[in-house]
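Right, one structure below, let's go through it.
The values are calculated or read from the model by the stated rules, or taken from the named source; none is laboratory data. Because the structure is predicted, anything quoted here is derived from the model rather than measured. Reconstructed Cβ throughout: ideal geometry from the backbone, glycine too, with neighbour counts over all protein chains shown. These accessible areas exclude ligands, DNA and RNA; they are computed on the full protein's heavy atoms, side chains included. Shrake-Rupley method; radii C 1.70, N 1.55, O 1.52, S 1.80 Å.
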Amino acid sequence: MLHTDLNQAIVPDDIKGDPVHDRPPVVRVVDLSDQTISAGYKSADSEHAFEEFNRRISHAMARDIIDKLARGYQVNIETDKLAEHLSSWVLSYASAREKGRIFALVLQKIPAADSLITAVLENIEYGAALSPPEAAEFFTAAQDATAVDTPELIARTIDQLQAKTLTAALIRASLYELATGLKDKRLRQYYTDPLRTDEELLGVLAYVNSEDRIKLMETVIKAIKVNPEISEYAKTELNNIFHFAEAGERAALVESMLSDSALTDNISTVIKSAADLNEITDIIKAVGKDKLLATQNATVRELVALAEIAGTIRNINFPDELAQSASVEQIEKSLEHLEQALEEWARIARDSELADTRTARDFLGTALYNLEYLRAEKQLVKSPEDLIELVNFMTLKSSIERQYGVALTHQEPDFWGPGAKWTIEEIKDVKLALDTLGEGLVLTTPLLTEIQRVDSLGEYVMGQRFPNGLIRIANFAVNNDYVSKTYAGQSSLVVTLVHEIGHGVQLGENDIFVDEHNPDGLKLGSGDPRYDFEGYMELSGWKAIDPERWEFTSDHMAIILDGEVYPLGVPIKHHGEEITLIYNQGILYSHDSYAPFSLITYSRTNPWEDWAESFAEYHLMPERLIQFAPEKFRYFEEEFHKYENNSRLQKLLDESLRRRAEKYGDQDEQEERKAA
């Protein structure tokens with residue numbers, strides 16, 4: 001080997017193999033202390049010596065490649081051979097900064113360099129292997145090495161997986177850089193800890209200024225623009241970031257998006273992050289209704305209609321609740337007042353300049369339905385006591401519908417059954433369920449516009465959500481002792497309704513589906529992009545199994561999978577994995593046998609019921625979900641932040657996660673976190 005200063009080494013092209021395992025017998029020693037070269041050779045038997053040798057040679061090669069690429073020279077090695085050198089020599093010891101510069105320069109300087117890009121990205125596991133500080137170094141170096149913005153560099157990568165994981169690393173890097181600028185030493189130490197997860201790092205946004213939060217949101221929005229394939233993932237990340245952004249900051253983000261027609265489809269994602277109608281209205285007012293309508297985006301138009309019509313309807317003066325001692329005159333005045341209020345409600349929706357929207361039609365339909373019901377019931381009810389109950393029922397019902405934009409309808413009797421009507425006690429439970437979930441979540445859940453009370457949905461079926469968003473609640477869901485006992489005495493109607501709304505939250509405007517044309521096998525639909533359903537399914541290891549791999553046997557009680565016979569519904573070992581096979585509605589699923597689940601066994605039916613049951617437990621029985629499935633509680637808390645100020649639950653969560661880590665693995669990591 002030629003003698004050289006290892007700090008500026010130029011390695012000949014004929015170096016091959018992995019120097020750690022295929023090392024030369026001797027190396028020429030370079031004495032850097034006095035800039036002289038030792039005349040002799042030194043045996044390199046020490047692993048430490050060769051480790052240091054390889055590290056220095058790797059850095060030297062990296063700098064040589066970076067220098068040539070930066071000056072526009074073609075590296076005089078064939079692309080595939082250079083990729084081999086990158087993976088076997090340079091990247092094994094190169095710093096995150098060197099990897100970032102090589103990545104950026106290869107993308108910019110070498111055409112058709114897929115193998116080179118893959119070599120770099122595989123080394124960092126497409127960004128997943130980069131700790132927050134390493135990610136910051138990687139992207140800072142990539143940005144400095146070229147004149148191309150980082151999101152645009154990511155868009156030049158080969159496939160969606162690369163772009164998604166690199167975007168995650170970019171967000172991680174951005175959050176870390178914000179953390180390094182925190183003035184509070186304790187906070188800075190906490191958030192710059194390399195062991196922080198991406199979700200934990202998001203907390204730094206609570207301690208930075210408005211300008212920094214807006215800049216981060218703009219970075220993610222730009223990533224969506226230049227690489228639409230990652231839009232679902234990026235919208236999930238945005239939804240998490242929005243939790244820390246004030247209404248004015250989100251309005252500023254929308255303003256910046258209005259100047260670029262390629263981004264207008266994402267404006268609704270920003271507005272939907274609002275906590276309630278007032279916040280939706282504040283964002284729309286700050287941006288300007290006319291500007292938003294000028295985008296001609298249907299979803300944005302519906303949100304503008306919601307703010308305008310719902311806000312006006314809420315200001316209608318409805319009668320107060322009547323006391324049981326109310327006089328006949330008071331009852332008649334309240335009935336007249338109620339009818340006038342409903343007529344005004346209908347007029348507002350009908351005369352709105354946005355009357356052509358679905359939102360206006362839904363509000364109009366609800367008002368007309370209530371008017372018709374009120375007039376019909378007045379003819380049937382004669383006693384003062386029943387009239388008082390009618391006034392109080394309709395007043396409460398209308399209040400819920402105006403606040404949450406959801407119509408509460410009855411099932412009329414017909415040939416098939418007696419029908420069913422809401423009672424005042426039942427709609428109090430409906431209000432309790434909706435209040436538990438929160439105004440913003442209910443208002444921005446697509447297709448959640450009607451909850452219907454019905455006689456029956458079939459044997460043992462309590463509730464059902466339909467593809468058009470309609471939710472039906474059956475008699476079986478009301479005063480169901482078994483369900484009430486499993487939820488510590490809470491109303492079975494509340495439990496059922498929260499579960500069904502959970503389906504709507506996760507699915508959004510989509511339906512449950514399995515992509516049978518996915519080249520990598522069956523793919524489960526992801527639902528509303530605001531929520532990371534794929535990440536949720538990974539917690540239990542849910543997979544849909546290709547129909548060509550299995551068939552029934554033993555009267556459908558067992559499965560022949562890949563030539564092996566297994567029972568359904570019990571833990572098995574298949575190809576070294578401990579899984580449980582579940583057959584549901586024509587699809588064979590598998591999940592990790594010892595994954596965390598809700599205590600409700602129905603959660604193991606399929607991924608969507610898993611979500612809905614855990615969603616209900618998160619809102620109604622958080623302590624139990626923390627105890628038996630803390631990872632799922634953490635997932636929902638990162639999505640909805642409902643208990644972020646509840647120190648007792650947060651402490652329970654930390655303890656439960658630690659116990660599971662000690663029992664099922666990752667103990668070393670947990671100990672490091674505990675020490676930190």
Exercise for the section: Kindly check whether there is at least one residue in region 649-670 that is open to solvent by 80 Å² or more (accessible area, probe 1.4 Å), closer than 22 Å to Ile241 by Cβ and modelled with pLDDT under 95. Expected result: no
Exercise for the section: Search region 167-211 for residues being surrounded by fewer than 16 Cβ atoms within 10 Å (Cβ to Cβ) and within 22 Å of the chain's Cα centre (by Cα), and hand back the single one that is nearest to Ser256 (Cα to Cα). Expected result: Ala206
Exercise for the section: Check every one of the helices (runs of 4 or more DSSP H) wholly within region 573-668 and list those with 1 or more residues that are among the hydroxyl-bearing types (Ser, Thr, Tyr). Expected result: 607-620, 630-640, 647-664
Problem - Output for region 473-510, where each listed residue is charged (D, E, K, R), under 20 Å from Gly458 (Cβ atoms) and free of Cβ contacts under 8 Å to residues at least 60 places away in the same chain - result: Asp481
Problem - Subset of region 412-446 (residues that are part of a loop (DSSP other than H, G, I, E, B) and closer than 30 Å to Arg530 by Cα) - result: Gly438, Thr444, Thr445, Pro446
Fill in the blank from the handout: Residue set Glu425, Glu385; condition touching a residue at least 12 places away in the same chain (Cβ under 8 Å) and open to solvent by 40 Å² or more (accessible area, probe 1.4 Å); output residue Glu385
Handout entry: Residue tally, condition of a type outside the set (Ser, Thr, Tyr), modelled with pLDDT of 70 or more and either open to solvent by less than 30 Å² (accessible area, probe 1.4 Å) or not in a helix (DSSP H, G or I) (or both), over region 134-147
Key = 7
Exercise for the section: Write out, first by first residue and then by second, each pair whose Cβ atoms fall under 7 Å of each other, whose residues are 6+ apart or on separate chains, and whose first residue, in region 617-629, is more than 15 Å from Arg658 (Cα to Cα) while the second is assigned to a loop (DSSP other than H, G, I, E, B) and open to solvent by 20 Å² or more (accessible area, probe 1.4 Å). Expected result: Leu620/Gln490; Met621/Ala488; Pro622/Tyr643; Arg624/Leu599
Handout entry: Unmet requirement for Gly419, which otherwise passes all of (1) open to solvent by less than 40 Å² (accessible area, probe 1.4 Å); (2) under 28 Å from Gln490 (Cβ atoms); (3) within 37 Å of the chain's Cα centre (by Cα)
Key = (3)
Handout entry: Residues of region 467-495 satisfying the condition of being open to solvent by 50 Å² or more (accessible area, probe 1.4 Å) and either under 18 Å from Leu620 (Cα atoms) or out of contact with any Asp or Glu (no Cβ under 8 Å at 6 or more places or on another chain) (or both)
Key = Asn468, Arg472, Phe476, Asn479, Asp481, Tyr482, Lys485, Ala488, Gly489, Gln490
Practice task
Would you mention how many residues in region 388-403 are within 30 Å of Thr357 (Cβ to Cβ) and either in a loop (DSSP other than H, G, I, E, B) or open to solvent by less than 10 Å² (accessible area, probe 1.4 Å) (or both)?
Solution key: 5
